[in-house]
Each structure stands twice: as structure tokens, then as C-alpha cells.
Amino acid sequence: MQKGNIGVTTENIFPIIKKFLYSDHEIFLREIVSNAVDATQKLKTLSSMGEYKGELGDLTVRVSLNNDTITISDRGIGLTAEEIEKYINQIAFSGASDFLEKYKNDANAIIGHFGLGFYSSFMVSKKVEIVTKSYKEGAQAIKWSCDGSPEYTLTNADKEDRGTDIILYIDDDCKEFLDTTRISSLLNKYCSFLPVPVSFGKKKEWKDGKQIETSEDNIINETNPLWTQKPNELKDEDYKSFYSKLYPMSDEPLFWIHLNVDYPFNLTGILYFPKVKSNIDLNKNKIQLYCNQVYVTDSVEGVVPDFLTLLHGVIDSPDIPLNVSRSYLQSDSNVKKISSHISKKVSDRLQSIFKNDRKQFEEKWNDLKLFINYGMLTQEDFYEKAQKFALLGDTDGKYYTFEEYKTLIAENQTDKEGNLIYLYANHKDEQYSYIEAAVNKGYNVLLMDGQLDVALVSTLEQKLEKARFTRVDSDIVDHLIIKEDKDAHVLEVSKQEALTTAFKSQLPNINKVEFNVMAQSMGENASPVVITQSEYMRRMKEMANIQAGMSFYGEMPDMFNLILNTDHKLLKSVLEDEVKECGALINPIEKEIEGISILRKEIQDKQKNKKDEDIPVSEKDELKSLDDIWDDLKNKKESIFSDYASRNKIIRQLIDLALLQNNMLKGESLSNFVKRSIELI
């Protein structure tokens with residue numbers, strides 16, 4: 001019997017293992033099982049090289065539970081006493097290095113046998129035993145035991161077969177790991193695709209109304225998963241079947257990309273474009289990362305570009321470190337190369353699908369565009385490639401590349417400054433009348449109703465030469481694309497005031513909504529009242545919903561323009577009636593206002609170049625008195641117009657029709673509108 005201390009520089013490594021080296025205790029099972037798989041893989045390599053002449057036999061790795069222990073057994077290369085000393089007692093990674101150096105031409109796919117990963121077992125164990133026998137001829141079986149201190153014992157043991165049994169005596173605070181269901185779920189999570197069969201108990205079957213154990217091993221993994229196979233030997237159904245195995249409750253994927261790279265690094269995998277139905281974040285962390293078929297993580301930020309974290313599937317690379325520190329993934333140089341390469345492969349594949357089957361690409365565009373738009377917004381080099389296959393869809397359901405659309409609208413949608421105006425709507429039904437007005441004018445209208453289209457619009461304005469995006473309801477149709485300066489017919493100021501004051505007084509109070517009422521000449525065939533919203537302010541508010549640091553805009557009220565068409569016969573009729581009804585009351589007030597205005601201007605002209613302290617108090621008081629009278633007269637005038645408007649059902653009806661058209665008429669206002677409509681009919 002031999003006793004000794006494990007060769008570590010610290011007094012006691014075990015508290016460090018428990019607290020710092022591993023973020024998640026459950027990882028111990030992956031580390032120990034993958035070590036067993038590696039030992040088995042090594043034996044297969046030695047056999048194929050002719051360095052091991054014996055029978056390989058059954059190479060299944062077995063996981064078993066007893067009352068207070070978990071045992072992981074393999075029939076791999078085993079360990080000699082010297083190897084225990086080197087690989088276990090010295091806590092080193094040299095075992096993998098020695099083996100790979102010797103068989104570097106054939107062992108690229110093998111991870112090191114033992115390393116610090118073995119010590120993850122002490123996170124959950126109060127004692128760990130290794131009973132092992134080397135494959136080497138005449139080897140003596142040995143037993144290593146350690147109770148979680150630097151001290152260990154090493155004795156000879158009775159073991160007929162080659163290989164290793166790791167026996168974990170589970171700690172009192174980790175009894176959950178003695179539950180069959182818990183271990184089964186962990187094996188499914190971490191070991192589903194290991195390249196050597198892993199057995200956990202026996203298969204069960206229903207017999208006489210109850211489950212009974214059979215004699216057949218319950219193999220929990222698929223040793224030859226789809227991503228390790230050759231793409232030219234696989235059918236679409238194989239990819240769909242594998243996807244449903246990874247994501248049992250999901251719809252069929254849109255497309256997939258089979259990655260198979262051996263230079264400048266090794267990388268295999270399958271990435272799927274899923275059907276996305278809701279919030280972006282809900283769909284992240286669905287790519288599973290493997291290292292030689294050993295599960296690493298499903299948090300792949302840094303390994304794949306951010307926009308591709310929306311994809312589903314599997315990536316497997318021996319160049320991604322499988323070690324105790326997962327946090328260094330994002331800074332690893334190999335990982336950065338992999339990220340860049342995956343982005344290129346995805347864009348190449350999308351370009352290929354677009355080129356070879358544009359019809360199918362267009363049919364799936366509405367599901368695909370979230371990924372592609374996200375990529376164009378967040379990654380410059382992806383934008384450069386994607387602009388060749390990214391599509392713009394119009395309200396008629398036709399699709400165009402950026403270049404095709406530019407050609408389509410160049411003649412009819414260029415303004416007087418030479419800017420190309422891209423008109424768009426983001427809700428076909430709600431903005432129907434605005435779309436119709438634009439189409440009747442000969443314009444094409446894009447439908448931009450995706451989750452990221454608000455942000456994309458701003459990006460495209462920066463990327464496309466002399467381009468501006470304008471939503472169809474941001475102005476009256478004649479002002480959407482100004483092609484030349486026109487002398488518009490302008491209503492005289494007093495009549496404009498009469499009309500706008502009357503309409504403004506009848507606007508309903510809508511929470512966090514403000515209206516600016518104005519009168520414009522729009523043509524006798526245009527709507528009598530139109531509601532528009534400034535492109536800039538609306539876009540800022542929409543951006544505030546998705547971008548940090550813009551909350552100021554989000555808190556502001558929605559600003560709308562209520563535009564009165566002075567050419568429409570209904571507005572002409574209202575104005576004519578208002579002038580007739582209110583004239584007798586308004587005219588004397590107008591004369592008073594005119595007189596007050598003259599007196600105010602005289603005093604203001606006298607004070608123009610004087611400092612405040614040089615102006616006599618009497619003069620200041622006189623001006624204030626005139627201001628008060630002026631305000632009072634103004635209020636009287638507005639009150640007369642307001643009183644008239646309250647009796648004129650046409651005014652409120654026209655306002656409500658405009659609000660209804662913009663989905664802004666609700667509750668009591670909607671009910672009153674219905675009643676008024678019945679009365680008018």
C-alpha cells in the first residue's frame with residue numbers, strides 16, 4: 001500500500017474545485033463519462049495502429065447507481081500505477097499531450113484521457129475511488145482512493161478486465177445525484193451524441209400492466225449523429241428528423257446548413273433556420289455546442305455571430321476548448337475564427353438558395369427576414385453579402401432585391417433634390433387608404449411589417465445612396481414626394497383660423513396624444529380630413545422601444561397633424577355656414593383685436609432697443625393690460641367658434657371618420673359616433 005499527497009501547489013485544491021473552477025456541479029457527470037469515452041477511443045486507436053493486439057469486445061461505457069454511489073465503468077486503456085501518479089496525482093494535462101504527440105496523424109479527434117476534469121467529481125463526492133487495470137500485458141490492477149483532502153492511498157486490486165471504474169461516494173448535500181431520473185436527464189443533456197455507446201441501466205417494457213426491466217442495455221446516446229455524416233449521403237428527411245429529435249415540439253425548419261470544415265480549423269455541425277413566431281430573445285440559446293461530440297454549452301455568444309444565435313442546431317469543433325473555464329470562449333482566437341467562418345458559410349448558403357430557387361426563397365422570406373435583417377443591422381461584413389439576396393416586399397406581395405427596387409422606382413419616386421423616396425407601410429389594413437392614395441398616384445409602396453424593420457429603415461437610409469424612407473401616412477399624398485415647387489391655393493388667415501379653431505375644439509381627449517390642426521389645399525377629390533404623423537418623431541418613438549438611451553422620445557406624447565382639405569365641398573360648406581352663423585358676433589371682436597394690436601405694436605416699437613431697467617413701470621403695466629385684453633378677446637372668439645362647432649354634427653363626424661380610419665376612435669367616442677351616424681342617416 002502506498003500513501004502520498006496529490007501534487008498541487010495549494011494546500012487543498014478541493015474547496016477551490018467546489019467553489020471556483022466549475023460554475024455548475026452537474027458538469028461532473030459529463031467530465032467523468034467523457035473521460036471514459038476518451039479512454040475507450042484511445043484503445044480503438046491503438047488497436048487500429050496494431051499496438052494493441054487483443055480483442056476489443058464490448059466497449060460500452062456503463063453508468064450505474066447504488067444506494068450512495070455512482071459508478072462509471074469503461075473497458076478502455078486503463079491506467080498503470082505510474083500513469084496514476086502522472087495523470088491523477090500530479091493534476092496535469094500532459095496525458096493528452098503525450099498521446100496526441102505520439103499519434104498526431106490519427107488522433108486529431110481525441111480529447112485527453114485524464115486531466116483536471118476528473119477532479120470535478122469532488123464537487124459532489126466525499127470520497128472517490130479509481131479501480132483500474134491497464135491494457136498493457138501483465139499489468140497489475142490498482143485501486144486509488146481519496147477522501148477530498150490532498151492525501152490519497154494506492155493499493156493493488158482484484159480486477160480481471162482492462163479498463164477503469166470510477167466510484168463516486170456522493171456527499172450528503174448532493175443526494176439529488178442518486179436519483180435515477182436526475183442522472184438520466186443529465187446523460188441526455190451532456191452525453192446524447194458521444195461516439196462510444198453509453199449505457200444507463202436496462203431498457204424497460206410494459207408487461208401485464210406494469211413496467212419491467214429487460215436484459216437489454218439502455219443505450220442513451222447516438223454514436224454517429226447526423227453532423228458527423230457526409231452531406232451527400234443524407235436526404236431532406238434525415239435533416240428534418242434530426243431537427244425534431246433536437247426540438248421535439250417545433251415546426252419544420254425553413255432551411256439548414258451542413259458545416260463541414262477541416263481547414264483552417266476543424267468544424268462540423270448543422271444549423272437550422274427555424275420558424276420564428278415571437279420575441280427574439282425567446283429563441284436564443286438553441287444552438288448546442290459540442291467538442292468531439294461532448295456537449296459543452298447552449299450559450300454560444302461569441303462562438304457564432306450574435307444574429308445567428310437565433311438559429312437552432314449543433315456546432316462541433318475540437319478547436320473549441322473543453323475545459324473547466326467556459327468563460328474564456330469569447331476571447332479564444334480559434335473561436336473568433338470559427339465565428340467569422342460560420343457567418344460566411346451562412347451568407348454563402350443563403351445566396352446559393354436565392355440564386356438556385358428564388359421562388360422558394362421568396363415564399364419563405366417573411367420567416368427568414370428576421371435573421372437576415374438582424375445580421376445586416378449588427379454585422380457589417382454580413383450586410384455586404386446579404387444586400388445581394390435580401391428582399392424588399394411591396395403591398396402587392398411582389399419581392400425585389402435592393403438593386404431591382406431602386407431601378408423600379410427611380411423614374412417616378414425621385415424628389416426635386418434627387419433623393420429616391422422609398423414609400424412604405426407597416427400595416428396593410430390599418431394604412432389602406434394611405435396606400436391606396438399613393439398607388440393611385442403611380443407610386444409603389446413597400447410593406448415593412450417585421451420586428452426589426454423600424455431599425456432597418458434607418459440603416460438602409462445610411463447605406464443606400466441618396467435614399468429616404470417615408471411612411472405613407474406621414475403626410476398628405478401630394479407632399480410625400482415633392483417633385484417641384486408649387487404655388488398652393490392658400491385660404492385667407494381669418495378663414496383658416498375659423499376652420500381650425502372649430503375643428504380643434506371638437507377633438508376628443510386621448511391619453512398621450514396631441515394634435516396640430518391645419519388647413520391645406522389638397523384637391524376636391526381628396527379626403528375632407530386626413531391625419532398624418534411626422535416621419536421623424538414617429539420613428540424616434542419606435543426606436544425608443546427597441547434601443548436603450550432613447551427613453552426620452554418614448555415618454556413624449558404621440559404628435560399627429562389633423563389636416564383639413566379646404567378644397568373639399570364638405571369643408572367649404574362648413575366654413576360658409578360658420579362665417580354666416582358667427583359673423584355678427586366675431587366681427588366686432590375682430591375690430592377690437594385689431595385696435596389692441598395697433599396699440600401693443602406702438603408700445604413694443606418704443607421699447608425695442610431699451611434695456612428692461614430703462615423702461616418705465618407705467619409703460620410695462622400698460623402693455624400687460626393690453627396683453628390681458630388681447631388674450632381675453634382671443635378666448636371670446638375661440639369660444640364662439642367652439643360653441644358653433646358643438647352644434648355642427650358634420651364637424652365631429654368628419655373628425656371621427658378620420659380617427660376611425662387611423663384606429664384611434666374607441667370607447668365612448670366610438671359609441672357616440674355610431675349614434676350620430678344613425679341620426680344623420
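Structural remarks
- FRET efficiency, 1/(1 + (r/R0)^6) with R0 35 Å, evaluated for M249 and E555 via beta carbons: 0.30
- K364-R647 FRET efficiency (beta carbon distance; Förster radius 56 Å; 0.05 resolution): 0.45
- Packing rank of 150-159, 656-665, where each peptide gets the mean count of other beta carbons within 10 Å, highest leading: 656-665, 150-159
- log10 of Debye I(q)/I(0), alpha-carbon scatterers only, for segment 500-635 at 0.13, 0.15, 0.17 Å⁻¹: -0.88, -0.95, -0.98
- Per residue accessible area in Å² of the chain, where ligands, DNA and RNA are left out and the probe is 1.4 Å: 51 Å²
- Accessible heavy-atom area order of L308, L408, highest first, probe of 1.4 Å: L408, L308
- Under 14 Å from the Cα of K230 - aspartates and glutamates, other chains or at least 8 residues apart: D238, D262
- Compared with the dominant Cα axis of the chain, that is its longest principal axis, helix 617-647 is turned about 80°.
- Expressed in Å, the radius of gyration and Dmax of the Cα atoms of segment 162-208 are 13.7, 40.
- The accessible area of K204, taken with all protein chains in place and a 1.4 Å probe, comes to roughly 120 Å².
- Straight-line reach from K207: taking Cα to Cα under 16 Å and skipping same-chain neighbours fewer than 8 places apart, the aspartates and glutamates in range are E216.
- Annotation: M537 carries an accessible surface of approximately 40 Å², with a 1.4 Å probe and no ligand, DNA or RNA atoms counted.
- Among the protein heavy atoms of the chain, carbon and sulfur supply 47% of the accessible surface, probe 1.4 Å, non-protein parts ignored.
- Helix 180-191 and the longest principal axis of the Cα set of the chain meet at an angle near 80°.
- Theoretical FRET efficiency, 1/(1+(r/R0)^6), r = Cβ-Cβ of I678 and S48, R0 60 Å, to 0.05: 0.10
- Order of exposure, largest accessible area first, which applies to R539, R349 with probe 1.4 Å: R349, R539
- Note on exposure: K175, K53 ranked by accessible area (1.4 Å probe, complete protein assembly) read K53, K175, with the most exposed listed first.
- Our compactness index for segment 173-274, the C-alpha radius of gyration over the empirical 2.2 N^0.38 Å, is 1.37.
- Note: segment 583-665, Cα convex hull, 144 Å³ per residue.
- Using distinct alpha-carbon pairs, which all enter the 1/r mean, Kirkwood radius of segment 612-654 in Å: 12.9 Å
- Alpha-carbon Debye profile of the chain, log10 I(q)/I(0) at 0.12 Å⁻¹: -1.26
- Listed residue pairs exceeding 22 Å between alpha carbons, taken from K591/K637; K569/K675; K512/K634; K235/K385; K189/K286; K344/K388: K569/K675; K512/K634; K235/K385
- Along each principal axis, taking the top coordinate minus the bottom one, the Cα set of segment 363-493 gives 55, 31, 26 Å in descending order.
- The peptide list 184-194, 226-236, put in order of mean Cβ contacts within 10 Å with the highest first, becomes 184-194, 226-236.
- The slack in the chain from E514 to S241, taken as 0.36 nm per residue of separation less the alpha-carbon distance, amounts to 92.8 nm.
- The chain, helix-only ellipticity at 222 nm - DSSP H runs n ≥ 4, -39,500 (n - 2.57), divided by all residues, nearest 500: -12500 deg cm²/dmol
- Equivalent-ellipsoid semi-axes for segment 449-510 (Cα gyration tensor, √(5λ), whole Å, largest first): 34, 20, 7.
- For a label point 7 Å along the Cα-to-beta-carbon line of I589, residues of segment 623-637 with backbone N under 14 Å: 629-637
- Under the simplified labelling scheme, the Q140-E436 pair shows an inter-label distance of 9.7 nm, with each label point 7 Å from Cα along Cα→Cβ.
- Within segment 135-222, all pairs of alpha-carbon atoms sorted by distance into 10 Å bins from zero give the percentages 12, 28, 35, 20, 4, 0.
- Nearest 10 degrees, 0 to 90: helix 333-356 Cα axis against the chain principal axis: 60 degrees
- Cross-link check: pairs K337/K463; K541/K666; K44/K336; K42/K204; K136/K203 evaluated at a Cα-Cα cut-off of 25 Å; pairs beyond the cut-off: K337/K463; K44/K336; K42/K204; K136/K203.
- In Å², nearest 10: area of I220 left accessible to a 1.4 Å probe: 30 Å²
The values are calculated or read from the model by the stated rules, or taken from the named source; none is laboratory data. Predicted model, so just to flag it, every value in this text is computed and none were measured. All Cβ positions, even for glycine, are placed from backbone atoms using ideal geometry, and neighbour counts span all protein chains on display. Note: accessible area is taken over every heavy atom of the protein model, side chains too, but ligands, DNA and RNA are not part of it. Shrake-Rupley method; radii C 1.70, N 1.55, O 1.52, S 1.80 Å.
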